[in-house]
Amino acid sequence: MQDSIRRASGNPGVVLTSFDGGVRYSDNTRQAATYRLGRILLAGDAAHVHSPIGGQGLNLGLQDAMNLGWKLGLVVRGMASDALLDTYTTERHRVGEWVLRNTRAQVALMRPGPQVDALRDVLSEVFPTPGVKRHFIALANGTEIDYSPSDDSLVGRFAPSRSLTSGRGLAGWPVFVVWLRRSGRDVLRRCRNARTPGWLCRVGISGRRLDGGLAEALDSWFGVPAARAA
């Protein structure tokens, strides 16, 4: 440890007098090409490794498990076709790429040198901007997820904070909702009419506006039922 400190600091006179313990980690960054290969499914550190800077790995792994768990449960119980498991890689691999990119950028900002010093100064001028600050906070907290990039700001993203008074509230169960504006307030109510404009929500993620019909949206976000796929 003393030799390492002397080498890193460039000061050969450093003397280490006591050592209570330490943690060793690196900025090794890797990601599996796919999170599913037949019956093999990867999640968490098995699917991606990166620098622990920012503490983003816990959120990333838990969200992997949440995304995969209910899909695996439906397929195992014969309620959805095997193809539903392929959406796990489709949705989560991109999120992993974002976290790896983010941690790489943070590690780069810790490097010594006048160029990096200048970059840190420039960023420090930008960060106070409210929109920039919100973006980076959401990125680090794992709430800047977009499972279906499109012009619609809600599709494939976390649903707005609203209180649902009905619905089973279990991971993987669909909730069909419609926003109505009454007396200046947004009112969220459950709707049973498939032809009514609305949203299909899943595990806190907005599915899609139901322009193409409820059946199409259900197939897209919950998989084709096993019986129909057969």
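The values are calculated or read from the model by the stated rules, or taken from the named source; none is laboratory data. Source: prediction; values computed, not measured. Positions of Cβ are backbone-derived with ideal geometry, glycine not excepted, and every protein chain shown enters the neighbour counts.
For the range 5-32, name all the residues that are at pLDDT 90 or above, part of a loop (DSSP other than H, G, I, E, B), within 30 Å of Asp86 (Cα to Cα) and not β-branched (Val, Ile, Thr).
Correct list: Ala32 only.
When the residues of the range 135-151 are filtered to those that are more than 16 Å from Val99 (Cα to Cα) and under 18 Å from the mean Cα position of the chain (by Cα), which remaining residue is surrounded by the fewest Cβ atoms within 10 Å (Cβ to Cβ)?
Top of the filtered list is Pro149.
Identify all residues within the range 33-54 that are assigned to a helix (DSSP H, G or I) and either hydroxyl-bearing (Ser, Thr, Tyr) or free of Cβ contacts under 8 Å to residues at least 40 places away in the same chain (or both); write none if there are none.
Gly44, Asp45, Ala46
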